[in-house]
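The values are calculated or read from the model by the stated rules, or taken from the named source; none is laboratory data. Note that the structure is predicted; figures quoted are calculated from it, not measured. Virtual Cβ from ideal backbone geometry, glycine too; neighbours counted across all protein chains shown. Remember, those area values only see protein heavy atoms, side chains included, never the ligands or the DNA or RNA. Shrake-Rupley method; radii C 1.70, N 1.55, O 1.52, S 1.80 Å.
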There are 2 protein chains.
Amino acid sequence: MKRVVLYDTTLRDGMQAEGISFSVRDKLGIAEKLDDLGIHYIEGGNPGSNPKDVAFFREARSLKFKRARLTVFGSTRRRGMTAGKDPGLAGLLKAGTPVVTLFGKSWLLHVREVLGVSRAENLRMIESSVRYIRKRGREVVYDAEHFFDGYRDNPSYCLDTLRCAVRGGADCVVLCDTNGGTLPHEVERVVGEVAAEMRGCGASLGIHCHNDSGVAVANTLLGVSCGLTHVQGTMNGYGERCANADLTSVIPNLKLKMGVNCISDARLAKLTEVSRYISEVANVVPDDRQPYVGVSAFAHKGGMHVDAVRKNPRTFEHVPPPAVGNRRRVLVSEVSGRSNVIYKAAQYGIDLSKDRPETRKILALMKGLEHQGYQFEAADGSFKLLMRKALGKYRKFFDLEGFRVSVEKREDDRLISEATIKVRVKGTQEHTASEGDGPVNALDNALRKALEEFYPTLAEMHLTDFKVRVLDAKQGTAAKVRVLIESRDHEETWGTVGLSENIMEASWQALVDSVEYKLLKDSGRARSGRILQDHGKQAVKRKAKRR
Amino acid sequence: MKRVVLYDTTLRDGMQAEGISFSVRDKLGIAEKLDDLGIHYIEGGNPGSNPKDVAFFREARSLKFKRARLTVFGSTRRRGMTAGKDPGLAGLLKAGTPVVTLFGKSWLLHVREVLGVSRAENLRMIESSVRYIRKRGREVVYDAEHFFDGYRDNPSYCLDTLRCAVRGGADCVVLCDTNGGTLPHEVERVVGEVAAEMRGCGASLGIHCHNDSGVAVANTLLGVSCGLTHVQGTMNGYGERCANADLTSVIPNLKLKMGVNCISDARLAKLTEVSRYISEVANVVPDDRQPYVGVSAFAHKGGMHVDAVRKNPRTFEHVPPPAVGNRRRVLVSEVSGRSNVIYKAAQYGIDLSKDRPETRKILALMKGLEHQGYQFEAADGSFKLLMRKALGKYRKFFDLEGFRVSVEKREDDRLISEATIKVRVKGTQEHTASEGDGPVNALDNALRKALEEFYPTLAEMHLTDFKVRVLDAKQGTAAKVRVLIESRDHEETWGTVGLSENIMEASWQALVDSVEYKLLKDSGRARSGRILQDHGKQAVKRKAKRR
């Protein structure tokens, strides 16, 4: 089986992304996760560009990796200087890593206009820098910057730069598409030619792609199918401009589809978790539609699709979601059919066969509501409540007698948002008032104030997201408003929805669903255990019947 | 030069994306934009799955496309039925489009387990359905669903399905990677074999890719480099699960790098604008790092990169950003920003040279506001007011002394939205009150009531759109809210923006800008004519100087 090593540069190239900045602690945490995942090389940073990275390498000495090798990144020596006197190379050695990655210029445009050195001096800079580091006992990876652009321009000079790196003792030379402008058919041609030229040179060959043409993952895979054995990329593709090759796509493609055993099955099953951990640390909203690891990667919306997936998952899933630690999701929406409802109900421990009248009732109810403008895809909490209502398993926790929300702007520009609310809970009328940062926040505060005395677990939950969409917006402010609220407690996250011409009413509906979901969950903990058991028994009965 | 036709399915496959739902009006607006962009085929929807799509095709009759052909999408006939009696096919004809796209099954797994028909009946279903539609004078595109999975399983059966479609009279047959699981090297092999088998068949061949392996764009391009002449995709890649092939990457790759003249240079330069328009309508936050059209696509962060780009943009830009209507951004730098302000001011007939202090002032003001979360791209009205304020050309039409907005929900579920407002206009205090469909509508009504007596032209304008976006949404309801309002009178449309933690305050800001823009426009009609004339004279003077 073919062997390919994985080289991650999230901590260096990923930091070049707009809006991403990791602290030293962030970097240490990510490095450990990458090691857990089975990444072979972890590039930690560029101490020459960044004092934070100097601190990282100092702290990183205490990391105990299971298998990964840490690498430091920097440029070849400056022009007209011996390698031994170059402060950049000294800084790289000082990082104390077993591996050093040196980048040098392949494209004559850069040699001429950016570095301003002769062709020959650039070649000397590469060879002497690699040799200097190699002789000090470090493994050397040589990144040939702008290789594909350079090759388009002058292939023989580009090959010379690689030969210099190999002569200097590089363990691996990496063809970089630094500007991300190279298309797949060109990558195949160039890699094929370079691999033939470099055959038997003693160094391994790798690839490093950027995504400016939207083909970084494909180019990386084509590099491997043309014989390269080292791939560079970043987790979630974080990187400058349009991102780097996304390792969360590259790895499962290699492993599940190209027969490259780059990480174990058990480690592959951690992929989704590691991807989300890193987006959490980077404080970047995860991309729902990210291949393999995105929330929507195995989400089925169309009724026909759901029906087919129930018959055989292979019909609409290219790989089994658990292989990468992800899961199938069935969305309920205006395009869904009964299969979607049944599948969803089963997740909540409710058994609905296709022919039960309740199934039709829920479906009809949901479709009617979606037609009005409700949307249950991101509102599983509201959908669960809707099912319970349809099944007669819903109970009220409180009754609203009225609320009033006001926003006042005074002459001094001060804003006051206030809500008053009157509810009846367990026979008692509660009348509370609260201020807030805005009208919805004031309403949320007033509702909690009224209920927490009776339901103390409400203190565990809080709103984590609030979205507003104006529907049929071409009617101005009288259009319908849909509000989606996401809430969370210590164990789960749920979404709820509200819809009205009035934004306060829509927010109120979503707020109430959110609170009811929490109360239902907590009050029914023992009971739902029973429901699940019953459900299990029913399943056993059905099985017994079939025999 | 090679010819390739572009087929867009944003309105159908794009609607399958999680979280996307277009209204009929949204769809009509997008169709017109796609036509403007030079897309050859626009797939409007699937009337069999969705009553909304039936309405779309009814309304679409009034669209006057410059070059695009509208197409309707649906399945081949049901089993054991003649095509003439199939209600699905009748629905497709009823849509009244010049083109009909029929999808059928290529993969025996689906034939067997999902359709539950014999191999032979599936072939008959394809051929008879295509023939039936073709005989009724429509152009027919045949989408071979799951073609690549089917081909892996049984190539000769897959080829038979294509031959049946061609025999039935299909104008184009499209190889679909419905599950998105096929890798580039496999696409090349399969397309090469199929193209050889089908050579001279009389139909053109196309490709339709999904992105579940992260390689949809690459697969599409490889299809073209292997000889296919029809490509399907969606704008911004919107589509089920992990998206479709993103046409905003496919088109510039074809045009700028593969020598395929699929759209004109002038149309390509609209790409970024069309992409953002569609994400706005879809209410999906644009992906900053999207290739070619993303905000970060040509953003340079590293100091070395910026320096190199200033020496020669080719050093770190794979194509010139204006070719796709995008622009270079230098992060944390003033230079790019000033050019932007100058460009924008020129649009309003205001001349700002780089060195005028007003330019710096506007830039600093705008940057400060954008940093807070304001956005002027869709709020040209607010931006014009901001420029006038900076230039000392702004005057107040009224002073706010205070407002109060309240929403009350009574026990009988009745909702009352009321606003009271106190303003001073031309020395007179006006104190009015009004109800509305919601709090913003009530506020709008109260403001007009106070002002219309003094400024009767306000009766000519009305709000046509109202959008709310929650920024930094992970802080719950206390997050900042950005409101965009679109207003219109008999001669133009303008956008205004407001931002606050409080949705009522943000709405108020946008409302006031909207009203002020109208008043400024009307009061300054004669004067602004003069300004433009003066400005024209200045320009003439400068020209004279240069000579």
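With solvent modelled as a 1.4 Å probe, how much accessible area in total do chains B and A shield from it at their shared surface, in Å² to the nearest 100? It comes to approximately 9200 Å² buried between B and A.
Shielding by partners for peptide A:108-119, expressed as the average number of C-beta atoms from other protein chains within 10 Å of each residue's C-beta, is 2. Separation of region B:413-474 from region A:36-53 is 55 Å, based on Cα centroids. Here, region A:173-267 is characterised by an Rg to Rh ratio of 0.96, where Rg is the alpha-carbon radius of gyration and Rh the Kirkwood radius. Cα convex hull, region B:46-112: 96 Å³ per residue, rounded to a whole number.
Taking Rh as the Kirkwood radius computed over C-alpha pairs, what is the Stokes-Einstein D of region B:30-158 at 10 °C in a medium of viscosity 1.306 mPa s, expressed in µm² per second?
D, rounded to a whole number, is 102 µm²/s.
Note on B:I416 and A:Q347: with the Förster distance fixed at 60 Å, the Cβ-Cβ geometry gives a FRET efficiency of about 0.90. For region B:1-102, the Kirkwood estimate of the hydrodynamic radius, built from every pair of different alpha carbons, is 14.1 Å.
In this label model, A:D153 and A:K94 are separated by 3.3 nm, measuring between points 7 Å along each Cα→Cβ vector. A simple charge model with +1 on the Cβ of Lys and Arg, -1 on the Cβ of Asp and Glu and nothing else charged puts the dipole of the protein assembly as shown at about 1880 debye relative to its Cα centre. Each 10 Å bin from zero up to the one holding the largest Cα-Cα distance in region B:235-328 carries the following percent of pairs: 16, 45, 30, 9, 0. Ranked by the mean number of other Cβ atoms within 10 Å of their residues, highest first, the peptides A:422-434, A:109-121 come out as A:109-121, A:422-434. Looking at region A:201-257, the pairs of alpha carbons with a distance over 17 Å make up 32% of the total. For region A:355-428, what log10 I(q)/I(0) values come out of the Debye formula at q = 0.23, 0.24 1/Å, with one point per alpha carbon and no solvent? Summing over Cα pairs of region A:355-428 leads to -1.02, -1.05.
Packing around the peptides A:449-461, B:227-239, B:24-36, taken as the average count of other Cβ atoms within 10 Å per residue, puts them in this order, highest first: B:227-239, B:24-36, A:449-461.
Each helix, a run of at least 4 DSSP H residues, gives -39500 (n - 2.57); summed and divided by the residues of chain A, these come to -12500 deg cm²/dmol at 222 nm.
Exceedance of the 26 Å cut-off in Cα-Cα distance is limited, within the set A:K467/A:K518; A:K426/A:K521; A:K301/A:K361; B:K33/B:K449; A:K422/B:K467; B:K64/B:K105, to B:K33/B:K449; A:K422/B:K467; B:K64/B:K105. Starting from the Cα gyration tensor of region B:253-293, take the square roots of the eigenvalues, sort them a ≥ b ≥ c, and report rounded, prolate or oblate (rounded when a/c is under 1.5, otherwise prolate if a/b is larger than b/c, else oblate). Here region B:253-293 falls in the prolate category. Shielding value for B:452-464 is 1, the average number of Cβ atoms from other chains within 10 Å of each residue's Cβ. Using a ≥ b ≥ c from the Cα gyration tensor of region A:335-487 (square roots of the eigenvalues), is it rounded, prolate or oblate, where a/c under 1.5 gives rounded and otherwise the larger of a/b and b/c decides, a/b for prolate? Note, shape of region A:335-487 comes out oblate.
Sorting A:124-135, A:502-513 by their mean Cβ neighbour count within 10 Å, with the most densely packed peptide first, gives A:502-513, A:124-135. For the residues of B:405-416, the average number of beta carbons from a partner chain within 10 Å of their own beta carbon is 6.
Think of chain B as a dipole: +1 on every Lys or Arg Cβ, -1 on every Asp or Glu Cβ, centred on the Cα centre; then among B:V324, B:I350, B:F147, B:I350 lies furthest on the positive end. Ranked from shortest, the separations from the 7 Å Cα-to-Cβ label point of B:S156 to its equivalents in the other copies are 5.2 nm.
The residues of chain B expose on average 40 square angstrom of accessible surface per residue, using a 1.4 Å probe on protein heavy atoms. The residue among A:C242, B:S225, B:V481 whose Cα reaches farthest toward the positive pole of the charge dipole of the protein assembly as shown, with charges on the beta-carbon of Lys, Arg, Asp and Glu, is B:S225.
At the listed q of 0.05 Å⁻¹, the Debye profile of the protein assembly as shown, built from one uniform point per Cα, gives log10 I(q)/I(0) equal to -0.36.
Treating r as the C-beta distance of B:E59 and B:A266 and R0 as 41 Å, the FRET efficiency rounds to 0.90.
Label separation (A:S21 vs A:R79): 3.3 nm, computed from points 7 Å beyond Cα along the C-beta direction. I'd like the FRET efficiency for B:E358 and B:K449, computed as 1/(1 + (r/R0)^6) with the beta carbon distance as r and R0 of 35 Å, rounded to 0.05. Computed FRET efficiency for B:E358 and B:K449: 0.45. Which parts of region B:162-193, residue by residue, lose 50 Å² or more of accessible area when the rest of the protein chains are there, as against the chain isolated (1.4 Å probe)? Checking the loss per residue gives B:N179, B:L183, B:H185. The same position A:E460 in the other copies lies at 6.2 nm from this copy, comparing label points 7 Å beyond Cα toward the beta-carbon, shortest first.
Normalising by residue count, chain B has a Cα convex hull of 205 Å³ per residue.
From the residues B:M81, B:L63, B:P47, which one has its Cα farthest along the dipole of region B:31-152 in the positive direction, the dipole being from +1 and -1 charges on Cβ of Lys/Arg and Asp/Glu about the Cα centre? Of B:M81, B:L63, B:P47, it is B:M81. A crude spin-label estimate for the pair A:E491 and A:Q372, with each label 7 Å from Cα along the Cβ direction, gives 3.2 nm. The charge dipole of chain A, taken about its Cα centre with unit charges on the Cβ atoms of Lys, Arg (+1), Asp and Glu (-1) only, comes to about 2580 debye.
Placing +1 on the Cβ of every Lys and Arg and -1 on the Cβ of every Asp and Glu, with nothing else charged, gives region A:66-151 a dipole about its Cα centre of roughly 500 debye. Label zone (A:H431, point 7 Å along Cα-to-C-beta; backbone nitrogen cut-off 19 Å) within region A:400-414: A:400-406.
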